[in-house]
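Colleague: Got a structure here, written out as structure tokens. Questions coming.
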Amino acid sequence: MPQAPSTRWCPTPEQLMILEELYRSGVRTPDASQIQQITAHLSRYGRIEGKNVFYWFQNHKARERQKLRRRLSIHHHLLCSGYPLPLFPRRQLHCFQDAPVSPLPHHH
């Protein structure tokens, strides 16, 4: 049975490069007019719709947050397990969950 052509958007390398550059320059949640401008610009390099731009930014932001959470979780796990981290001397790092709590001095 023949397959129907995919309606999924596949960005060209040029489109991806431009989107990533926009993201790196600080564009995170473009408004409707920015989406329209970006879509018009990217359409020179292949088929694209405004919803593709909207969802690309939404997904990219979510994936960046996921990556950061994973890195922080791994870092925290290694730190608290006493695993030596190459960039930081052990004495400068503390696992806050295991750190002793000392009372703050009272100022009169």
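The values are calculated or read from the model by the stated rules, or taken from the named source; none is laboratory data. Treat the numbers as computed from the prediction; the structure is a model and nothing was measured. Note that we place each Cβ from the backbone using ideal geometry, even for glycine, and neighbour counts take in every protein chain shown. Heads up: the accessible areas ignore ligands, DNA and RNA and are worked out on the full protein's heavy atoms, side chains in. Shrake-Rupley method; radii C 1.70, N 1.55, O 1.52, S 1.80 Å.
Colleague: Looking at region 51-80, I want the residues that are at pLDDT below 95 and have a partner that is outside any helix (DSSP H, G or I) and open to solvent by 90 Å² or more (accessible area, probe 1.4 Å) with Cβ atoms under 7 Å, at least 6 apart or on another chain. Which pairs are those?
Modeller: Going by the 7 Å Cβ cut-off, the qualifying pairs are CYS80/GLN97; CYS80/ASP98.
Colleague: Exactly one of these conditions fails for TYR45: (1) open to solvent by 80 Å² or more (accessible area, probe 1.4 Å); (2) without any contact (Cβ under 8 Å) to a residue 12 or more places away in the chain; (3) in contact with a helix residue (DSSP H, G or I) (Cβ under 9 Å, 6 or more places away or on another chain). Give me its number.
Modeller: (2)
Colleague: For the condition acidic (Asp, Glu) and either in contact (Cβ under 8 Å) with a residue 60 or more places away in the chain or more than 20 Å from GLU64 (Cβ to Cβ) (or both), what is the one hit in GLU21, GLU14?
Modeller: It is GLU14.
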